[in-house]
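Novice: Sharing a structure with you now.
Here, each number is a calculation from the coordinates, and none is a lab measurement. Predicted model only: the values in this text are computed from it and were never measured. Glycine gets a Cβ as well: all are built from the backbone with ideal geometry, and neighbour counts include every protein chain shown.
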Amino acid sequence: AAGVIQSPRHLIKEKRETATLKCYPIPRHDTVYWYQQGPGQDPQFLISFYEKMQSDKGSIPDRFSAQQFSDYHSELNMSSLELGDSALYFCASSLDRDRDGNEQFFGPGTRLTVL
Amino acid sequence: GQNIDQPTEMTATEGAIVQINCTYQTSGFNGLFWYQQHAGEAPTFLSYNVLDGLEEKGRFSSFLSRSKGYSYLLLKELQMKDSASYLCAVRVENSGYALNFGKGTSLLVTP
């Protein structure tokens, strides 16, 4: 079965550079979530999209922005990168969020290292 | 925000049973999820509870008491591959259905 695809899997950037992470949800899933997981930390919710519209914002810095495109893929844009942005970035997708249960399926993550 | 507490670490023996507890304090509770995460990998869904009681799925069971803000994940017939972090996550109404994760419990299964 198709899973959530994220690219790139690994990314190394310098401070103050920009980065773009991509997420391709499971086909027919209508909701995409972005999470950030620092070393030894739990995943922290950043932002979500439902039917290509921003649904909710969590602890996403102002330096970050995201969008969901017509084909439902999503991109997380990160500017003025800081050392503290080094983390695993997960994208998750779900189908019919109003359905009871509404399991989120996580992608393999993008490991961002800021030097 | 939501306060979600889990033990940091647990150790159990292969073949045994282990119970991982999770307590939470939240308003607008809309479901509790358990995920398994191996180091450096994506969280994978284990179970979901929204009503009080026990949900069983093979070797894994999860229990919820909404009045007590308490859940546990029960793992039976432990296998070495069950060594992982177990994340308790709460979903809250009016939060865009995002998950609020606890710090996770690192489970080590020993021979």
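Novice: Where a ≥ b ≥ c are the square roots of the eigenvalues of the C-alpha gyration tensor, would you call chain A rounded, which needs a/c under 1.5, or, failing that, prolate if a/b is larger than b/c, or oblate? List each step's numbers first, then the result.
Specialist: Values: a/c = 1.80, a/b = 1.73, b/c = 1.04.
Here chain A falls in the prolate category.
Novice: For the protein assembly as shown, count all C-alpha to C-alpha pairs, find those more than 20 Å apart, and express that count as a whole percent of the total.
Specialist: Working: 14946 of 25425 pairs.
Summing the P(r) of the protein assembly as shown above 20 Å gives 59 percent of all pairs.
Novice: Could you sort out which of A:13/B:103; A:22/B:68; A:15/A:57; A:13/A:57; A:57/B:103 sit more than 29 Å apart by Cα distance in this structure? Provide the component values of the computation, followed by the final result.
Specialist: Numbers: A:13/B:103 27 Å; A:22/B:68 40 Å; A:15/A:57 25 Å; A:13/A:57 25 Å; A:57/B:103 20 Å.
Exceeds cut-off: A:22/B:68.
Novice: Further, regarding this structure: Run the simple label-point estimate for residue A:51 and residue B:67 please: 7 Å along Cα→C-beta, distance reported in nm.
Specialist: Roughly 3.9 nm, to one decimal.
Novice: Once you sort the root eigenvalues of the Cα gyration tensor of the stretch B:6-45 as a ≥ b ≥ c, which label holds: rounded (a/c under 1.5), prolate (a/b larger than b/c) or oblate (the other case)? If you can, show how the numbers build up before the last one.
Specialist: Working: a/c = 2.35, a/b = 1.48, b/c = 1.59.
Note, shape of the stretch B:6-45 comes out oblate.
Novice: A follow-up question, please. Within 14 Å, Cβ to Cβ, of residue B:63, how many net charges do the neighbouring residues add up to if Lys/Arg are +1 and Asp/Glu are -1? Kindly include the intermediate steps, with their values, before the conclusion.
Specialist: On the way: positive: B:57, B:66, B:68, B:76; negative: B:52, B:55, B:56.
Overall, the nearby charge balance is +1.
Novice: Further question: Taking the Cα-to-Cβ direction at residue B:41 and at residue A:71 and moving 7 Å from each Cα, how far apart do the two end points lie in nm?
Specialist: Output for this residue pair reads 2.9 nm.
Novice: Just to confirm the filter: which GluC sites (Glu not before Pro) across the stretch A:34-82 are DSSP coil and have at most 13 other Cβ within 10 angstrom of their Cβ? The partial results should precede the final answer.
Specialist: Details: sites: A:51, A:75, A:82; in loops: A:51, A:82.
Hits after loop and neighbour filter: A:51, A:82.
Novice: Calculate the dipole size of chain A relative to its Cα centre from +1 charges on Lys and Arg beta carbons and -1 charges on Asp and Glu beta carbons; express the result in debye to the nearest 20.
Specialist: Working: 12 positive and 15 negative charges, 75 e Å.
Rounded to the nearest 20 debye, it is 360 debye.
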